[in-house]
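The values are calculated or read from the model by the stated rules, or taken from the named source; none is laboratory data. Owing to the predicted nature of the structure, the values given are computational and were not obtained by experimental measurement. Neighbour counts are summed over all protein chains in view; Cβ atoms, including those assigned to glycine, are modelled from backbone coordinates with ideal geometry.
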Amino acid sequence: MTLKARITAIDRFITGCREDGIYDDLNACCVMAGWDSLAGALTPLKGAAPTNNGLSVYDRGIGIAGDGSSAYLDSNRNNTADPQNDNHNAVFVSSPPTSASAYIAAGSSGGQQNGSNNLGVTDGVFCRNRSGTPLVSLGSASADGLVAVSRSSAAAITTRISGESTTSSLASQSPLSEEVTVFARRSGASVDFYSDATIAFFSIGPATDLALLDARVSTLMADLRAIEETGFDRDAIAYIRAVEEADGAFLETDVKVAVNNLVSGLKADGLWESMASTCLLCGPRTLAGALVPLRGDAPTPNGFVSGDYSRTDGLRDPGGTSLLDTNRSTTDDPQDDVHLAAYLTALPTVGGGLVAAYYAGPPVNGTQVSMDGAGLFFTRCRNANEHRTTALATGFAGLSRSAPDAYSKRNSGSTASVSAASATPPSINYAVFSNDTSGAGVTDPTIAFYSIGSSVDLAKMDSHISSYVTAIGAAI
């Protein structure tokens, strides 16, 4: 079924390109996603097979990843194979590069800086198409999707980035006789500007309509991603799409599988509806993606910067001054029907709230999953009573109340019951990394997940979240 679906997607692409009159322009072309192996991804749709120089990381959902240091493809198509004023090159970027690099390039050599087919990234996307003078800041350096250039005259070029085509004046020069490279720039006898982008498609050939090419390649890539998502839960897909939009890049297949397994598992065990405010603070590519809620409202970050986020470990401010306002109030859940949970991949160095809403009163009232100054796992649930017995351990930490006279707490793989009567909670927002949203009791753990909502089975939630964090560590 999967093979048939892939064949259908490729057939749809080829047929569409022929209908649009652009198929004959794709003289050297590779669809580098959708196949079971790197060898399959490097089998050309048209033209000679590219020569792989060190590329090894392949994800059939999103393509081949560059290493940013030495790996690239030699397209085995010479720069002079297309006329000076009749050429195009294009790549589909699944994940943009993290530093200055080239997407697809040839002919930037010594004193003759004739970048015949250069598309790359500095402060923005730049292009030097058969000219010594580059056009810069043509689009965002973080742009995904089709990035392409086409020349059909001696005086101007058309570029396409982020779904927009722009025509710019740029006089042409005679192209240098060099092979076009992908993931790097050819510079005479050497290669430089290696890219760590993930690229799922490239094409080289005569001038073409970039808007039509963009539509066909984007549809193909959507079809191939959808094949990998066959049978996924619709809420998992909605979350994945929202994260990809925030990240400006597509998620790896194994990351998407981990998300789907988590959502499906939570639903199967009756936990999903109880998790009213939930964030996966590991897995997405960026801090912006990590702050996309799995359920509920997005948190408001106070002080965090991109360097505080790790895809595998989670979020942490080493200075211990930042927090998240969850934008969920203590009164959004009934007095005797509530849970708080977090997953820690590193312990805090100072005491404070992991997920908490503490009101100093009078009267004192807190709903907290915290660590005290002695390193003990510390909870309150709808009251002033503090409960602490054992040292806080990494992993899952949470509490849940479903009765007026007691609640459960869990950490270190063990659940305990706490006898404590509840009281009416004050109307304040929960914070993560602090006792409250003002920053009182701010602390510095590394947190990979948090959840707030109605009462849950803590052991079941622990199992699903622990499996997710482990899967993310294996996937990235």
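Okay, here's what the table says:
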item	result
Selection status of ALA33, in contact (Cβ under 8 Å) with a residue 60 or more places away in the chain, farther than 30 Å from ALA171 by Cα, aliphatic (A, V, I, L, M) and outside any strand (DSSP E or B)	yes
Test for ALA346: is it in contact (Cβ under 8 Å) with a residue 40 or more places away in the chain and crowded, with 18+ Cβ neighbours inside 10 Å	no
Residue count for region 233-267, restricted to those that are of a type in the set (Gly, Ala, Ser) and either in contact with a strand residue (DSSP E or B) (Cβ under 8 Å, 6 or more places away or on another chain) or in a loop (DSSP other than H, G, I, E, B) (or both)	2
Matching strands (runs of 3 or more DSSP E) fully within region 349-425 where at least 1 residues are farther than 16 Å from ILE447 by Cα and at pLDDT below 95	387-391
Condition met for THR230 (of a type in the set (Ser, Thr, Tyr), part of a loop (DSSP other than H, G, I, E, B) and under 22 Å from the mean Cα position of the chain (by Cα))	yes
Selection within region 11-21 - surrounded by 20 or more Cβ atoms within 10 Å (Cβ to Cβ) and more than 29 Å from the chain's Cα centre (by Cα)	CYS17
Considering residues of region 243-295 that are among the hydroxyl-bearing types (Ser, Thr, Tyr) and out of contact with any Asp or Glu (no Cβ under 7 Å at 6 or more places or on another chain) only, the residue nearest to ALA197 (Cα to Cα)	THR278
Exclusive hit being closer than 30 Å to CYS282 by Cβ, assigned by TED's automatic domain parsing to the domain that holds CYS127, in a helix (DSSP H, G or I) and in contact (Cβ under 8 Å) with a residue 60 or more places away in the chain, set SER218, SER195	SER218
Those strands (runs of 3 or more DSSP E) lying entirely in region 117-191 with at least 1 residues touching a residue at least 24 places away in the same chain (Cβ under 8 Å) and over 29 Å from the mean Cα position of the chain (by Cα)	145-151, 156-161, 164-169, 179-182, 185-187
Criterion violated by GLY319 - all others in (1) of a type outside the set (D, E, K, R); (2) modelled with pLDDT of 95 or more; (3) under 19 Å from ALA440 (Cα atoms) satisfied	(2)
Hey, GLY314 touching a residue at least 24 places away in the same chain (Cβ under 8 Å), in contact with a Ser or Thr (Cβ under 8 Å, 6 or more places away or on another chain) and in the same structural domain as GLY413 (by TED's automatic domain parsing) or not	yes
Selection within region 22-53 - β-branched (Val, Ile, Thr) and surrounded by fewer than 17 Cβ atoms within 10 Å (Cβ to Cβ)	THR43, THR51
